[in-house]
Amino acid sequence: MKDHLGRPLVAVTGIGMVTPLGWGAALSWARLLAGDSGIRRIGRFPLDHLKTTIAGTVDLPEEDDGGSTAFSSPQRVERMAAFAIAEAIAEARIGSEGDFPGALMLGMPPVEHEWPQRFALARAAHAGRYPDMVRAATGHRDLYETFLFGGIGERLAARFGTKGAPISTTTACATGATAIQTAVEAIQRGETLAAIAVGADGSVQPEALIRFSLLSALSTRNEDPARAARPFEKSRDGFVMAEGAAALVLEDYEAARARGARIIGLVAGCGERADSFHRTRSNPDGAAIIGAIRNAIADAGVAPVEVGYVNGHGTGTPENDKMEALGMRAVFGEAPPPISSIKSMIGHTLSAAGAIEAAASLLSIRDQVLPPTINHVEPDPSIMLDVVPNTARQVNGLRHVLSNSFGFGGQNVCLLLSAPPEA
Amino acid sequence: MNREIWITGIGLVTSLGEGRAAHWQALNAGATPVVDTETFAPYPVHPLPVLNLDAQIPRKGDQRQMEPWQRLGTYAAGLAIDDAGARGLVADMHLIVAAGGGERDVTVDEAIATELADRPETESGPILNERLANGLRPTLFLAQLSNLLAGNISIVHGVTGSSRTFMGEESAAADAIRIAHARLAEGRGEIALVGGAFAAQRWDMVLLYAPGGALWQGAPVPVSERAGGGAVLGAMSAFLVLEHAEHARARGVRGIAKLSGVATDASRRAGPGDAAASATGLLAKLPIAAGALGVLSGDSGAAVQADEARFLAALPDAVTRRPGTLIGHGTEASFPAHVALAATAIGEGGFYPVLDPADTVSRAAPRQILVTGFGIFRGEALALVEPAI
């Protein structure tokens, strides 16, 4: 079965997820529909002198509540990604243990040595200058392999037996969507019949938090963590950093049907458009956001009126939500579909967000239910949209969901997720 | 669909200079390596030449928003767009960047490490927060962020068709070129910009790569004489403008070379010969003709060169050149730089003279040039270029 452009349909046959609400897609999804918040006070490191002291951290199973700095970002990314991939493969029942018959596309944050590593090297060298740390690092191949950009992808590829060179992508907050798009295109091109697309992030460490703080991007509503993330709400004051991962098993639709797989839904369209306006802000005309949304809908061969729900980027920064609303109005006119932001509950999982939100969009179609935007107290008069306030909503006949991802550096990627073709 | 794709623009900066004409001349004139053995001793580097940044990044405000790595890549990307005469085509030009890590503020890092390394975390943690909050420039984050090289190319040059950034050292660049080529070949767009940059003169890069045992120490010798002893990091950036041949013809532009194919894989490297077998497997994916074959080897001097030697030994009629002896190893920029050098030779209708003592003694100018890339950690890649007719 081909799409309107003569390309193979791309089916989703497995979903895996780790969020601040739990390890596992079923648990995360149930708690998202219940309107639970996964945002809490950070327990991983001292919080003195920090403007923001809350996040959606994910503890590893062996960590005490709140965690510690013993695990670096690349280790957390790898662990969460591996869990999500294993869960997605188990649902898809594809391949055999350690032998996945397709490619791996990994969306992940840039990684680098962190302060615990620098301190350890400086201690070993009895001096803190780089030449001293380099001398102390000699022979520490583990340090090299952990912090190489290609290290995580290689270890995941080896563990799951994916085929070909793993591709690691970063497009800031659109990373997870880019990983999915890269996988979808490989299947549409006929390069592979199956692929894993995973987005993962585990960046809650002091320097990353401070860097976002210095850009005034984070909410400082520290006193009530669960109420801090307020996408589309009048008093929103920034996003809340969070961690997590989601993986999709993507397959050529006919190949999936032929092996008797259960089809959860389709990635029917992908659209992107870069913005050349500013490093952190969208062009006020919204052209790139509007272009990315329109490209995704057109790529899927549907009309805007057929989109029944939008899983928004909805970070909760004053700027993003305003621009996203502008894009909604431009594309959908006077009667836009409902839009909600699960970031109100799990925060902004950064490199994972596009993948987690694509997964949530597919589950909305499967279960015919829209997750809420919690913490919606007072609407922003400049964002008059149906944001599915505070309570999940049961729906009927939902077939097409748009998932938006917009990132620093002018990165805009939108996905159109659809119900399986009617038999 | 499998449309013909040309390389219509090259932006190349290495320690030997900038631009394809300068590299063609330098390599044919018996250039000697430009090396700095002092600054990062015991590790030598091939330094960047002086760049007139204003020529490609006219706004000082933009230059201030970047660190050297992003400036270098943005500069080379601009050279490629100019070389292709494609300034008017940037709005719908697609972009894939192979990115490394951004720069650290070395002064801040050293001061904090010196002050706090010996204290327990309960004591150092609060002070670390304070030092970072007061010591980091707010703009450094963006000047550091891996996807912001692509972001700056969009902002400075207006490239907005799409924008993706791949990570993963050498193989990220090979896959960036492979996918940019495949997307154009199947009709997703008409023109794309793809490449990478590597700012070698950075202590944080030395700290990342030195523990892997992959860096050469002391005065450099030719790559073929290093017995796997390591790479010499080379500052470089290479961007290619890829274009559907019909699109180029329609606007009266001749291709520098045709990019006939790109193939990549990543063996687990569980044993000697695995990487060679992986690369050999890729040969079947490329339309290699019978007869003399130019080979532009990505030999870096690191451990994997035994596999690369094994791979090369099995290629009949290969005329092999090892530019790594002259320009060093540029991680994400290496494979694009070697494709750029191969395309340049095709465009000039010739090939390079012997660059390394192990190079094939021959004055042949093969019609096809195979570019090889073996990642120091992982990844095997091949690209094939030939005349654009």
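The values are calculated or read from the model by the stated rules, or taken from the named source; none is laboratory data. Keep in mind it's a predicted model, so treat the numbers as computed, not measured. Cβ placement follows ideal geometry from the backbone for every residue including glycine, while neighbour counts extend to all protein chains displayed. For the accessible areas, the whole protein counts, side chains as well, though only heavy atoms, and no ligand, DNA or RNA atoms are used. Shrake-Rupley method; radii C 1.70, N 1.55, O 1.52, S 1.80 Å.
Results, tabulated for the structure shown:
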item: Close pairs (7 angstrom Cβ cut-off, 6 or more residues apart or separate chains): closer than 21 Å to A:D321 by Cα in the range A:210-226, among the acidic types (D, E) anywhere; result: A:S219/A:D237; A:T220/A:D237; A:R221/A:D237
item: Long-range neighbours under 9 Å by Cβ, at least six apart or interchain, first residue farther than 14 Å from B:E243 by Cβ within the range B:173-192, second polar (S, T, N, Q) and surrounded by 21 or more Cβ atoms within 10 Å (Cβ to Cβ); result: B:A173/B:T331; B:A173/B:S334; B:A174/B:T264; B:D175/B:T264; B:A176/B:T165; B:R178/B:T264; B:I179/A:T182; B:E186/A:Q188
item: Qualifying residue in the range A:164-173 (condition: surrounded by fewer than 24 Cβ atoms within 10 Å (Cβ to Cβ) and either in contact with a Phe, Trp or Tyr (Cβ under 9 Å, 6 or more places away or on another chain) or part of a loop (DSSP other than H, G, I, E, B) (or both)); result: yes
item: Pick from the range B:199-223, criterion among the hydrophobic types (A, V, I, L, M, F, W, C) and more than 12 Å from chain A (Cβ to nearest Cβ), ranking: surrounded by the fewest Cβ atoms within 10 Å (Cβ to Cβ); result: B:A219
item: Residues being farther than 18 Å from B:G158 by Cβ and buried (at least 24 other Cβ atoms within 10 Å of the Cβ) - total across the range B:49-71; result: 1
item: Selection within the range B:119-143 - surrounded by 20 or more Cβ atoms within 10 Å (Cβ to Cβ) and either of a type in the set (F, W, Y) or more than 8 Å from chain A (Cβ to nearest Cβ) (or both); result: B:F141, B:A143
item: Subset of the range A:342-371 [part of a loop (DSSP other than H, G, I, E, B) and crowded, with 24+ Cβ neighbours inside 10 Å]; result: A:I342, A:G347, A:T349, A:P371
item: Yes/no for B:G187 being open to solvent by less than 10 Å² (accessible area, probe 1.4 Å) and in the same structural domain as B:R251 (by TED's automatic domain parsing); result: no
item: Verdict on B:S162 being facing chain A (nearest Cβ under 9 Å), open to solvent by less than 10 Å² (accessible area, probe 1.4 Å) and either of a type outside the set (A, V, I, L, M, F, W, C) or out of contact with any strand residue (DSSP E or B) (no Cβ under 9 Å at 6 or more places or on another chain) (or both); result: yes
item: Residue in the range B:79-87 that is in contact with a Lys or Arg (Cβ under 7 Å, 6 or more places away or on another chain), modelled with pLDDT of 95 or more, aliphatic (A, V, I, L, M) and not assigned by TED's automatic domain parsing to the domain that holds B:G350 present; result: no
item: Subset of the range B:150-177 that is aliphatic (A, V, I, L, M) and more than 18 Å from B:D82 (Cβ to Cβ) - its residue that is farthest from the chain's Cα centre (by Cα); result: B:A150
item: Any chance B:A284 is of a type outside the set (S, T, Y) and free of Cβ contacts under 8 Å to residues at least 12 places away in the same chain; result: yes
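Residues are listed down the side, and each one gets a yes or a no for (1) more than 10 Å from chain B (Cβ to nearest Cβ); (2) at pLDDT 95 or above; (3) in a loop (DSSP other than H, G, I, E, B); (4) within 28 Å of B:A180 (Cα to Cα):
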| position | (1), (2), (3), (4) |
| --- | --- |
| A:D132 | no, yes, no, no |
| A:A136 | no, yes, no, no |
| A:L143 | no, yes, no, no |
| A:G176 | yes, yes, no, yes |
| A:T182 | no, yes, no, yes |
| A:E191 | no, yes, yes, yes |
| A:S203 | yes, yes, yes, no |
